[in-house]
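The values are calculated or read from the model by the stated rules, or taken from the named source; none is laboratory data. Keep in mind it's a predicted model, so treat the numbers as computed, not measured. A quick note on method: Cβ atoms are made from the backbone with ideal geometry, for glycine too, and the neighbour counts reach across all protein chains shown. The protein model used for the area step is the full one, side chains on, heavy atoms only, and it has no ligands, DNA or RNA in it. Shrake-Rupley method; radii C 1.70, N 1.55, O 1.52, S 1.80 Å.
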Amino acid sequence: MKVSLNKSAYYTGYLLLVILWGTTAASKLGNLNEFKTELAKQVFPAPFSAFLLIAVPGSEVVAAALLAFNKTRLYGLIASLLLITAFTVYIALILAGYFSKVPCSCGGVLKTLGWRTHLIFNLVFTAITITTLIIHLKREACDKE
């Protein structure tokens, strides 16, 4: 039963991450002008916002693609952990009042969430990512024995 539960949690975890990164990237790329406008409202300098316009959805696409294949899944999980951690830290800094202005909420699928709800959402996905990564590493260790 334990193996089956781990297997289910593993597949559910990486599939949820594929869906998360795929839909958020598609939302940004599908309406690049809206994403550009949202980035302009953030606290970043214009050149960095221009970089993020390409880097964020590009990283999300890469993470989803890496997660989709057994041979690259570990890299996809690591990319997912880096992405979700960066987004979560940014939201935590917003809520802590670190920035002089509170930027508009994220665009795309999550734009209806307030910052606190978005933080909770990200923390849940951080836990999903870490759990899936741990299961993946345990599976790799068992395969080597």
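Leaving out ligands and nucleic acids, and using a 1.4 Å probe, what accessible area per residue does the range 49-145 come to in Å²? Display every interim value, and only then the final one.
Working: 5610 Å² over 97 residues.
That works out to 58 Å² per residue.
Specify which residue in the list PRO57, GLY114, ASN70 is farthest towards the positive end of the charge dipole of the range 1-134, using unit charges on the beta carbon of Lys, Arg (+1) and Asp, Glu (-1), about the Cα centre.
Working it through, the farthest residue towards the positive pole turns out to be ASN70.
How do 62-68, 135-141 rank on mean C-beta neighbours within 10 Å, highest first?
Values: 62-68: 20.9, 135-141: 13.7.
Ranked by mean Cβ neighbours within 10 Å, highest first: 62-68, 135-141.
Using only alpha-carbon positions, what ratio does the radius of gyration of the chain give when scaled by 2.2 N^0.38 Å?
Cα Rg divided by the expected 2.2 N^0.38 Å: 1.13.
List the chymotrypsin sites (Phe, Trp or Tyr not before Pro) within the range 51-94 that fall in a DSSP loop (any state other than H, G, I, E or B) and whose Cβ has at most 12 other Cβ atoms within 10 Å.
Here the sparse-neighbourhood loop sites are PHE69.
Calculate the dipole size of the chain relative to its Cα centre from +1 charges on Lys and Arg beta carbons and -1 charges on Asp and Glu beta carbons; express the result in debye to the nearest 20.
My answer is approximately 140 debye.
Could you please state how large a percent of the accessible area of the chain is carbon and sulfur, counting protein chains only and using a 1.4 Å probe?
C and S fraction of accessible area: 70 percent.
So which trypsin sites (Lys or Arg not before Pro) in the range 46-102 end up in coil per DSSP with only 10 or fewer other C-beta atoms within 10 Å? If you can, show how the numbers build up before the last one.
Numbers: sites: LYS71, ARG73, LYS101; in loops: LYS101.
Those that pass, being in a loop and sparsely packed, are LYS101.
Mind scanning LYS36/LYS111; LYS7/LYS111; LYS28/LYS111 and naming the pairs with a C-alpha gap bigger than 23 Å?
LYS7/LYS111
Counting each DSSP H run of 4 or more residues in the chain as -39500 (n - 2.57), what helix-only mean residue ellipticity at 222 nm follows after dividing by all residues, to the nearest 500 deg cm²/dmol? Don't skip to the end; give the middle numbers.
Numbers: 5 runs with 113 residues, N = 145.
Mean residue ellipticity, 222 nm, calculated: -27500 deg cm²/dmol.
HN-Hα J couplings of the range 124-132 from phi, Karplus 6.51/-1.76/1.60, θ = phi - 60°, integer Hz, Gly and Pro as x?
Each residue's phi maps through the Karplus curve to give 5, 5, 5, 4, 4, 5, 4, 4, 5 Hz.
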